[in-house]
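Taking it in order: structure first as structure tokens, then the write-up.
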Amino acid sequence: MFTQTNAVNGAPDVEAVFQFNGTRKTAVWDGYRPAHLVTDNYLTTGIHHYCETDFILPDGTAKGTITFISPEAYPHCLWVGKKINIQEGARIGGTDTITKILNSLLCSDNKY
């Protein structure tokens, strides 16, 4: 059984740089909830919060945080510098580059 997740209590799991690749037609706003490919075969939802802006243009970049749902299901899968896809279904809208891990459950000793 899973415990209460950060998505429920609102604490961010990671800090990241968001880089969108222009495939979206519209900007994304603070609170955007795309899927993230955290392992080779696991997509999970994460809530974006952006620093110093309320939105990011379709080909824009910004810094911020991600709060994942159920990180207990994919422990020890992230490290600083890892790039993970930002996805809407099969469409890849950009990448997140992890700059700091705030939830130690997600921190990996292995940097693949």
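Nothing in this text is a laboratory measurement; each read-out follows from the coordinates by a stated rule. In this text the structure is predicted, and so the values were computed from the model without any measurement. Positions of Cβ are backbone-derived with ideal geometry, glycine not excepted, and every protein chain shown enters the neighbour counts.
Data overview
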| read-out | value |
| --- | --- |
| Charge context of HIS36, other residues only, Cβ under 15 angstrom, K/R +1, D/E -1 | -1 |
| Phi-based couplings in Hz for segment 88-96 (Karplus 6.51, -1.76, 1.60; Gly and Pro marked x) | 10, x, 7, 7, 8, x, x, 9, 10 |
| Residues SER104, SER70, sorted so that the one with the fewest Cβ neighbours within 10 Å comes first | SER104, SER70 |
| Total charge dipole magnitude, the chain, about the Cα centre, Cβ charges on Lys, Arg, Asp, Glu only, Debye to nearest 20 | 220 debye |
| Packing-based exposure ordering (other Cβ within 10 Å, fewest first) of ILE101, ILE66, ILE56 | ILE101, ILE56, ILE66 |
| Qualifying chymotrypsin sites (Phe, Trp or Tyr not before Pro) for segment 17-74 [loop in DSSP, other Cβ within 10 Å: at most 15] | none |
| Loop-exposed trypsin sites (Lys or Arg not before Pro) per DSSP, neighbour cap 11 Cβ within 10 angstrom, longest uninterrupted part of the chain | 26-110 |
| Dipole-positive endmost among THR97, THR23, VAL38 within segment 6-106 (Cβ charges, Cα centre) | THR23 |
| Bridge type composition, segment 34-112 - antiparallel percent by DSSP, nearest 5 | 95 percent |
| Lysine pairs in the chain with Cα atoms under 22 Å, if 8 or more residues apart or on separate chains | 9 |
| Choice from THR99, THR67, THR23 with maximal GNM fluctuation in the chain (Cα, 10 Å cutoff) | THR23 |
